[in-house]
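Asker: Below are the structure tokens for one structure; questions will follow.
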Amino acid sequence: TLKLIEASDRVGGWIHSKRKGEFLFECGPATLRGAPAGEDTWDIVKSIGLDKDVLAPTKMAKNRYLYAEGSLQKLDPLQLLRECPQILLEPFKERGPADETVASMLTRRFGKRFTEKYGDAMVNGIYAGGIDQVVEGLV
């Protein structure tokens, strides 16, 4: 017996068909992984002649934004260092306990400001879980 748990009302994740009027749209992943992790996928793309149709990301795609303190803020490495200078000391920090939460680890290694502004958003965006509940050794 197989029990499938799906978040939506259908299976397939990003891959699905959608009809709008007389048009049928085939939807799928928004991105392709690069090598080496996506090497097999790229081989398929090339073998069916679609490699010329793949769009490379624009320079704008390199920009990262964070909604914090009531506004959308562009992430800037220099601003990050000004706000959280403790980051520079991270290579010299000791390893924490095996059951340490992500919140505790980030605060110990990068400081409270980094944890509250950047760490919480990062962990929620990736793992959809609060940094006080996610254990560092399990991510």
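A short reminder: the numbers here are calculations on the coordinates, not readings from a lab. Every value quoted in this text rests on a predicted model; they were computed, and no experiment measured them. All Cβ positions, glycine included, derive from the backbone under ideal geometry; neighbour counts span all protein chains shown.
Asker: Whose amide H sits under 5 Å from the amide H of Ala68, counting only residues 5 or more places off or on another chain, with H placed in the peptide plane?
Answerer: For Ala68, the qualifying residues are Gln73.
Asker: Convert each backbone phi in region 49-57 into a coupling constant with the Karplus relation 6.51 cos²θ - 1.76 cosθ + 1.60 (shift: θ = phi - 60°), then list the ³J(HN,Hα) values in order as whole Hz, x for Gly and Pro.
Answerer: Result, ordered by residue: x, 9, 4, 6, 9, 6, 8, 7, x Hz.
Asker: Would you list which aspartates and glutamates come within 20 Å of Lys52, measuring only between C-alpha atoms, while excluding same-chain residues fewer than 8 positions from it?
Answerer: The qualifying aspartates and glutamates are Glu26, Glu39, Asp40, Asp43.
Asker: For Lys20, give me every one of the lysines with a C-alpha distance below 22 angstrom, ignoring sequence neighbours fewer than eight places off in its own chain.
Answerer: Partners found: none.
Asker: Compute the distance from the alpha-carbon center of region 96-129 to that of region 6-70, in whole Å.
Answerer: The distance from the Cα centre of region 96-129 to that of region 6-70 comes to 29 Å.
Asker: Where the convex hull is taken over the Cα atoms of the chain, what is its projected area averaged over directions, in nm²? Kindly include the intermediate steps, with their values, before the conclusion.
Answerer: Numbers: hull surface 58.5 nm².
Mean shadow area of the hull around the Cα atoms is 14.6 nm².
Asker: Could you give the length gained by full extension between Thr58 and Asp43, i.e. 0.36 nm per residue of separation minus their alpha carbon distance, to one decimal place?
Answerer: Values: separation 15, 0.36 × 15 = 5.40 nm, distance 2.29 nm.
That works out to 3.1 nm of additional length.
Asker: How large is ³J(HN,Hα), in whole Hz, for each residue of region 8-19 in order, when computed from phi with the Karplus curve 6.51 cos²θ - 1.76 cosθ + 1.60 and θ = phi - 60°, using x for Gly and Pro?
Answerer: Each residue's phi maps through the Karplus curve to give 9, 7, 8, 8, x, x, 5, 7, 6, 10, 9, 9 Hz.
Asker: Moving on to the next point. In the structure displayed, which of Lys18/Lys46; Lys18/Lys74; Lys74/Lys112 lie more than 31 Å apart, Cα to Cα? Walk me through the numbers on the way to the answer.
Answerer: Details: Lys18/Lys46 26 Å; Lys18/Lys74 34 Å; Lys74/Lys112 20 Å.
Check vs 31 Å cut-off fails for Lys18/Lys74.
Asker: Follow-up question, since we're still on this one. Through the Karplus equation 6.51 cos²θ - 1.76 cosθ + 1.60, θ set to phi - 60°, convert the phi angles of region 58-64 into ³J(HN,Hα) values in whole Hz; use x for Gly and Pro.
Answerer: The phi angles translate into 7, 4, 5, 5, 7, 6, 10 Hz.
Asker: What is the sum of charges, Lys and Arg at +1 and Asp and Glu at -1, for the other residues whose Cβ falls under 15 Å from the Cβ of Ser17?
Answerer: Details: positive: Arg10, Lys18, Arg19, Lys20; negative: Asp9, Glu22, Glu26.
In short, +1.
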